[in-house]
Amino acid sequence: MTIGVGGSNIETELNKLADMTTDVVAISKVEYQARIDKAQQLMQEQGVSALYLDAGTNLHYFTGLKWYKSERMVGAILPAQGELAFIAPHFEQGSLKDNMVISGSYNGWHEDESPYQLFAQVLKDSGITAGKIAIDESAAFFIFDGLRQAAPSFEFSNGADITAQCRQLKSAAEIALMQRAKDMTMAVHKAAAGILRPGISTIEVTNFINEAHKRVGASGSSFCIVLFGVATSFPHGVKEPQVLQENDWVLIDTGCLLHGYNSDITRTYAYGEATDEQRLAWQVEKDAQAAGFAAAQLGACCGAVDDGARAVIHQHGYSADYELPGLPHRTGHGCGLDIHEWPYLVRGTQTKLATGMVFSNEPMLVIPNKFGVRLEDHFYMGEQGPVWFTEPSHSVDDPFGLAKS
C-alpha cells in the first residue's frame, strides 16, 4: 500500500488541520505605490500617455482594489505622470472607496450615461488629448471597442507591455505569500490522500479539499481536479465523476488563494499497488521535472526549461514533441495573482529567466487510454538560481516522503 494514501477518514484529517494564516503579512501600501511608480516609468520609456486598468488582477496588483469583472465598466486610468483616476458606476462609489488602498479621483457614471465618453473626458481633463493609450490586456472586447470609439484620436496598444514587465518579477512579500499558500495546499494534499478508500467518489474528495483549505485559512479551494484510473490521462479531467477502486491510479491537482496569490500543486500516486508501467512512467515524470528545474538558470531562456524536461521524456521512448504518448502541454507557467500568467515555460520562449520570476514545473506524461502522471511543484528564481516552494514528490511508494521524516 502506498505510504500516506488511505487508512484515515474525513473527520480525523480535518481535525489535524489548523489556520496557517495568522502571521501572514499583506502587501503594503508602500509596495502598491512602488508598483505604480515602476509602471509609470515604463510608460514614459515606451511613449505611453496612460494605462487603463480593468477590474481584475491588474487593477488589484497596481492599486490594491479587488473588484470583479462584469458588463459594467469598472477600472482606473493610470497616467504616465500624475494620479490615478477611477471610473465606475456612480452607485458603487461607497463600496469602491471602502475597498481602495491607493486613493485617486472617483469618476462615476450613471446607468444612462456612457463610461467610455467619461473615459475620454477624464483624459482630456488630465491634459491628455493625444498619444498612445495602453489597454489592460484582460479587458473584454466590448470595453476596448467602446473606448476606441469614444476616443478615436488616440492610438491604442496592449497593456501587457507594461503590466507583464511589472508582474512577472515578484517581490519578497509576494513570494512569502505564495510560499504560505503552497504550504497550505501541501497540507491539504496530505490530508486528502489519507481519506481515500474504495467507493469514495471524486466529488467527495473535491468537497473535502475545499473544506480542508478553509481549515488552513483559505476561503476555500480556488480550483480542484480529482481523477481516478483512466481519467488521469486527461490533463484537465473528464465530465463524469469517478469512484475509487482498489489499486486505482490517482491524480489530484488543487490550489487556494491567499491575499489573491495562488498555490497550484499536483500529486499522482496509486491507491494500493502501482503497475510496472505506472512505476516507470512516474519515475520518468519525476526525472523530467528535475531536469526542468536544473535547466532553470538565471539568464537562460524560458524555453530551455521545457526543452530540458521534454528531453528526458523523449529519452524513454515517448514523443519529443507535443504528441502522445508524451508531454502534450508546456512544462510550466508563471503564477501570482493569476494562476496562469507570464512568462511561460514553453518551447521557443526567449524570455530570460530573472530573479523574482515564479513558475509551475509540471511536465505531465500522458499515456492515452491508460493513465497520466503529473507532478507539479512551483519554484521561484532566487539570487543564485531556482528555489523550490515545495519539496517534489519523494517516490511512487512514498509520495509525501513520510517514511523518511
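The values are calculated or read from the model by the stated rules, or taken from the named source; none is laboratory data. Predicted, not measured: the structure shown is a model, and the values here were computed from it. Every residue, glycine among them, receives a Cβ derived from its backbone with ideal geometry; neighbour counts consider all protein chains shown. Protein only, heavy atoms only, side chains kept; ligands, DNA and RNA dropped before computing areas. Shrake-Rupley method; radii C 1.70, N 1.55, O 1.52, S 1.80 Å.
Within the range 17-57, track down each residue that is surrounded by fewer than 17 Cβ atoms within 10 Å (Cβ to Cβ) and within 21 Å of Arg148 (Cβ to Cβ). Listed by number, the residues that qualify are Gln46, Gly47. Leu402 meets all of the listed conditions (1) within 30 Å of Val230 (Cβ to Cβ); (2) open to solvent by 10 Å² or more (accessible area, probe 1.4 Å); (3) assigned to a strand (DSSP E or B) but one, namely (3).
If you go through the range 99-129 and pick out every residue that is without any contact (Cβ under 8 Å) to a residue 60 or more places away in the chain and aliphatic (A, V, I, L, M), you end up with 4. When Val238 is tested against (1) surrounded by fewer than 17 Cβ atoms within 10 Å (Cβ to Cβ); (2) assigned to a loop (DSSP other than H, G, I, E, B); (3) of a type in the set (A, V, I, L, M, F, W, C); (4) in contact (Cβ under 8 Å) with a residue 12 or more places away in the chain, just one condition goes unmet, and that condition is (4). Asn107 meets all of the listed conditions (1) farther than 15 Å from Ala55 by Cβ; (2) open to solvent by 30 Å² or more (accessible area, probe 1.4 Å); (3) more than 30 Å from the chain's Cα centre (by Cα) but one, namely (1). The residue that is farthest from Thr266 (Cα to Cα), counting only those in the range 351-371 that are in contact with a helix residue (DSSP H, G or I) (Cβ under 7 Å, 6 or more places away or on another chain) and surrounded by fewer than 21 Cβ atoms within 10 Å (Cβ to Cβ), is Thr351.
Of the residues His394, His378, only one is buried (at least 17 other Cβ atoms within 10 Å of the Cβ), assigned to a loop (DSSP other than H, G, I, E, B) and modelled with pLDDT of 95 or more; which?
Values: His378 fails: assigned to a loop (DSSP other than H, G, I, E, B).
Only one candidate qualifies: His394.
With respect to (1) within 30 Å of Ala187 (Cβ to Cβ); (2) open to solvent by less than 10 Å² (accessible area, probe 1.4 Å), the lone exception for Arg310 is condition (1). Might you check whether a residue that is under 20 Å from the mean Cα position of the chain (by Cα) and in a loop (DSSP other than H, G, I, E, B) occurs anywhere in the range 314-325? No: the range 314-325 contains no residue that is under 20 Å from the mean Cα position of the chain (by Cα) and in a loop (DSSP other than H, G, I, E, B).
Only residues that are free of Cβ contacts under 8 Å to residues at least 40 places away in the same chain and farther than 20 Å from Gly64 by Cα: list them for the range 158-190, please. First the steps, then the outcome.
Of the range 158-190, the ones free of Cβ contacts under 8 Å to residues at least 40 places away in the same chain are 158, 172.
Within the range 158-190, Asn158 is the sole residue that qualifies.
Among the residues of the range 116-127, those that are open to solvent by 50 Å² or more (accessible area, probe 1.4 Å) and small (Gly, Ala, Ser) comprise Ser126, Gly127.
Contact list please: Cβ distance under 8 Å, first residue in the range 266-290 and free of Cβ contacts under 8 Å to residues at least 60 places away in the same chain, second residue in a helix (DSSP H, G or I), pairs at least six apart or on different chains. Pairs found: Asp287/Val312.
Residue-wise test of (1) under 24 Å from the mean Cα position of the chain (by Cα); (2) at pLDDT below 95; (3) aliphatic (A, V, I, L, M).
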{"position": "Leu251", "(1), (2), (3)": "yes, no, yes"}
{"position": "Ile265", "(1), (2), (3)": "yes, no, yes"}
{"position": "Thr268", "(1), (2), (3)": "yes, no, no"}
{"position": "Ala274", "(1), (2), (3)": "no, no, yes"}
{"position": "Leu280", "(1), (2), (3)": "no, no, yes"}
{"position": "Gly303", "(1), (2), (3)": "yes, no, no"}
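Condition check: part of a loop (DSSP other than H, G, I, E, B) and either at pLDDT 95 or above or open to solvent by 10 Å² or more (accessible area, probe 1.4 Å) (or both). Does Val387 satisfy that? No.
The single condition from (1) at pLDDT 95 or above; (2) over 26 Å from Leu402 (Cα atoms); (3) open to solvent by 10 Å² or more (accessible area, probe 1.4 Å) that Asn247 fails is (2).
Can you pull out every residue in the range 263-289 that is open to solvent by 30 Å² or more (accessible area, probe 1.4 Å) and either part of a loop (DSSP other than H, G, I, E, B) or in contact with a helix residue (DSSP H, G or I) (Cβ under 8 Å, 6 or more places away or on another chain) (or both)? Please lay out each step first, then the result.
Going through the range 263-289, the residues open to solvent by 30 Å² or more (accessible area, probe 1.4 Å) turn out to be 273, 275-277, 279-280, 283, 286-287.
Result: Glu273, Thr275, Asp287.
Taking the range 1-20 as the range and being over 13 Å from Pro198 (Cα atoms) and of a type in the set (Ser, Thr, Tyr) as the test, the residues that pass are Thr2, Thr12. Applying a threshold of 9 Å to beta carbon distances and a minimum spacing of six or more residues, or different chains, the list of pairs starting in the range 207-222 at a residue that is within 18 Å of Val24 (Cβ to Cβ) and ending at one that is assigned to a loop (DSSP other than H, G, I, E, B) and modelled with pLDDT under 95 reads His213/Ser219; His213/Gly220; Lys214/Gly220.
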